[in-house]
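The block underneath contains the structure these notes are about, expressed in structure tokens.
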Amino acid sequence: MLLPLSMSKTVLITGSTSGIGLGIAREFAKAGYNIAFNGLENNGAKIAQEVGNEFGVKVFFSSANLLQESAIELMIQEATQQLGPIDVLVNNAGMQFVAPIENFPGEKWNAIIGLNLSAAFHTTKQVMGSMKTRGFGRIINIASAHGLVASEFKSAYVAAKHGLVGLTKVTALEGAPHGITANAVCPGYVDTPLVRNQITDQAKSHNMTEEEVIAKVMLVKHAVKKFVKTESLGALCVFLASEHAELITGTAIPVDGGWNAQ
């Protein structure tokens, strides 16, 4: 296993009390990082503490609403007080809504752009100065295969994820003279409880078997017909935070079973 630069470093992961974010958090905890969790689950503090207890690391939990800039600022101040300066920032929080452009609700557009893109800008803004002062930082943005290609009916999500890839590149250029790297990770369909629930729902609504939904709907664009594992995304993020990745910056790394190769 690749070790981080120091076993006492701190990572802040947004949207980290479930799904992809929790999988990433567990991999960082396994690598010895102290972790600032963020999420809206009612039992978020308990989830964070269970991870801390399992891996013997310090944790902090915030239920900050990432659509509010002031809440983001307060979250990072409190996390820094509890765990020390943020060495690694993982912008993972996101949301999705599907509709044709002419029927796409304006409030859904604003919320998706706000959470998937603007929140990442505000968290990056809050940690960038401290990272520059200390001469080290890792910023990892969880984008999507939809940060590189488009699909119908996902106008806000695709726009936000493309924007996140662009923000990553700018952050990489500004951070380069200061020991700060920035990269985007672009997963295809990930095996999470949320996706599994969607499979069940779609099977019922379309009178299909769950196997048919997986093959004909979920993984149709994956050349490798497998879901991405949260553990794989976490391991990649830990690598990007390590000393071995100091020259990897400004990239958008697909983890999509060959979707973008087609």
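Of all the residues that make up segment 129-160, how many are of a type in the set (Phe, Trp, Tyr) and under 15 Å from Leu12 (Cβ atoms)?
Number of matching residues: 1.
Against the numbered list (1) of a type outside the set (D, E, K, R); (2) without any contact (Cβ under 8 Å) to a residue 60 or more places away in the chain; (3) within 23 Å of Ile20 (Cα to Cα), Leu164 comes up short only at (2). Among the residues of segment 181-200, not a single one is more than 18 Å from the chain's Cα centre (by Cα) and more than 20 Å from Ile20 (Cα to Cα). Cβ separations smaller than 8 Å between residues 6+ apart or across chains give the following pairs from segment 45-59 residues that are farther than 10 Å from Thr17 by Cβ to residues that are among the charged types (D, E, K, R) and surrounded by fewer than 17 Cβ atoms within 10 Å (Cβ to Cβ): Gly52/Lys58.
Any residue that is surrounded by 23 or more Cβ atoms within 10 Å (Cβ to Cβ) and among the hydrophobic types (A, V, I, L, M, F, W, C) - is there at least one of those in segment 50-57?
No, that holds for no residue.
In segment 135-192, which residue that is of a type in the set (Ser, Thr, Tyr) and surrounded by 19 or more Cβ atoms within 10 Å (Cβ to Cβ) is farthest from Met95 (Cα to Cα)? Across segment 135-192, the extreme among qualifying residues is Thr181. In this structure, Thr209 does not qualify as under 19 Å from Ile113 (Cβ atoms) and of a type in the set (S, T, N, Q).
For Ala159, the requirement of being out of contact with any His (no Cβ under 8 Å at 6 or more places or on another chain), not aromatic (Phe, Trp, Tyr) and not in a helix (DSSP H, G or I) is not met. Whether any residue in segment 103-119 is at pLDDT 95 or above and on the phi > 0 side of the Ramachandran plot is what I want to check. No; the residues of segment 103-119 include none that is at pLDDT 95 or above and on the phi > 0 side of the Ramachandran plot.
Would you be able to tell me the number of residues in segment 225-262 that are among the basic types (Lys, Arg) and over 18 Å from the mean Cα position of the chain (by Cα)?
2
Residue count for segment 74-119 under the criterion of being surrounded by 14 or more Cβ atoms within 10 Å (Cβ to Cβ) and charged (D, E, K, R): the result is 3. Here the helices (runs of 4 or more DSSP H) wholly within segment 166-262 that include at least 3 residues being at pLDDT 95 or above and in the same structural domain as Asn116 (by TED's automatic domain parsing) are 230-240.
Wholly within segment 32-139, which helices (runs of 4 or more DSSP H) include no fewer than the required count, namely at least 3 residues that are among the polar types (S, T, N, Q)?
69-83, 119-134
With respect to (1) closer than 29 Å to Phe121 by Cβ; (2) part of a helix (DSSP H, G or I); (3) not hydrophobic (A, V, I, L, M, F, W, C), the lone exception for Glu152 is condition (2).
The values are calculated or read from the model by the stated rules, or taken from the named source; none is laboratory data. Please read all numbers here as calculations on a predicted model, not as lab measurements. Cβ: placed from backbone, ideal geometry, glycine included. Neighbour counts: every protein chain shown.
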